[in-house]
Amino acid sequence: MKKLLDGQTAIITGGSSGIGKKTAEIFTEEGASVVLVARGKEKLDKVVGELTGRGFKAIGVPADVSCEDDCKNIAKEAVKEFGKIDILVNNAGIADKHRPITRTDTDFWRQVTGINQDSVFFLTKAVLEYMEKEGKGSIINVSSIGGVFGSAGISYSASKSAVLGMTKNIAIQFAGKGIRCNAIAPGPTPTALNTPEAMATFDTEFAKKCADHMDMSVPEADVEDQANAILYFASDMSKAVTGQVLVVDNGCTL
């Protein structure tokens, strides 16, 4: 039986853990070859080894996605190994510890926006060079409910909102030309960004204000929920869908 992503090549950033790792597992099970990107080589190699050990096609490219040259190299390595790029999942991101504008310094702002926002611009631009030649492709950006509702720190909310703006802008440019661009906006999801240890470093005062605008009694979504939403946008199940944002939060922001 034909699988949803048979014969396709996908780049997945932040691919060594959380949503990115689960997306890689689901994509390979659906027939895709994957190029996983992360900064830590050891962790990346472990995930790639797990996938290839199961007979799937996967490579890892250690990179800093906030660096434009690294992003160009990621695209080149994907094409060198698999001949094309069909899918890009811009998943890499860092949290900003719920710091409000009055408690965010310039260096921290630039660090968060560099990884969460600039990476999407750099890597999407690099990948489009190859997708345009093929006349097809699907780009999925991982934003956040923080980008939709502003319910996070200033730098995280701003950068994830920018991701939504880029998603719609790219979709407009390529509408009807075989290249689609969509986004998911995860709500609270158990990942390394929000472990109890990580959350202990958050600005608790502003985090509480943000939580007051959500129904925190609603169960969290999990990484598989987010990965399945990404799969929907990556596959032909959504072949007529572009420029859209899918909130995956079990309804906590309704």
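The values are calculated or read from the model by the stated rules, or taken from the named source; none is laboratory data. All values derive from a computational prediction rather than experimental measurement. Cβ placement follows ideal geometry from the backbone for every residue including glycine, while neighbour counts extend to all protein chains displayed. These area figures cover heavy atoms from the full protein model, side chains too; ligands, DNA and RNA do not enter into them. Shrake-Rupley method; radii C 1.70, N 1.55, O 1.52, S 1.80 Å.
The apolar share of the surface of the chain, taken as the fraction of accessible area on carbon and sulfur atoms (1.4 Å probe, ligands and nucleic acids excluded), comes to 52 percent.
The slack between residue 192 and residue 253, meaning 0.36 nm per residue of separation minus the straight C-alpha distance, is 19.8 nm. Dipole orientation for the stretch 49-208: of the candidates 175, 200, 140, 175 has the Cα lying most toward the positive pole (charges on Cβ; Lys, Arg +1; Asp, Glu -1). Note on residue 213 and residue 42: their simple-model spin labels are 4.0 nm apart, each label 7 Å out from Cα toward Cβ.
If each DSSP helix of 4+ residues adds -39,500 (n - 2.57) and the sum is divided by the residues in the chain, what number results at 222 nm, nearest 500 deg cm²/dmol?
Working: 10 runs with 114 residues, N = 254.
Calculated from helices alone, the mean residue ellipticity at 222 nm is -13500 deg cm²/dmol.
Could you please put 239, 21, 209 in sequence from largest to smallest accessible area, using a 1.4 Å probe?
Numbers: 239 145, 21 55, 209 115 Å².
Largest accessible area first, the list is 239, 209, 21.
Give me the angle, in degrees from 0 to 90, between the Cα long axis of helix 154-174 and the longest principal axis of the Cα atoms of the chain, rounded to the nearest 10. Between the helix axis and the principal axis of the chain, the angle is about 30 degrees. Each of residue 107 and residue 244 was given a label point 7 Å from its Cα along the Cα-to-Cβ line. The distance between the two points is 4.4 nm. Using a probe of 1.4 angstrom and keeping all protein chains present, the accessible surface of the stretch 96-147 works out to 46 square angstrom per residue.
Net charge dipole, the chain: roughly 560 debye, given to the nearest 20, about the Cα centre with Cβ charges of +1 for Lys and Arg and -1 for Asp and Glu.
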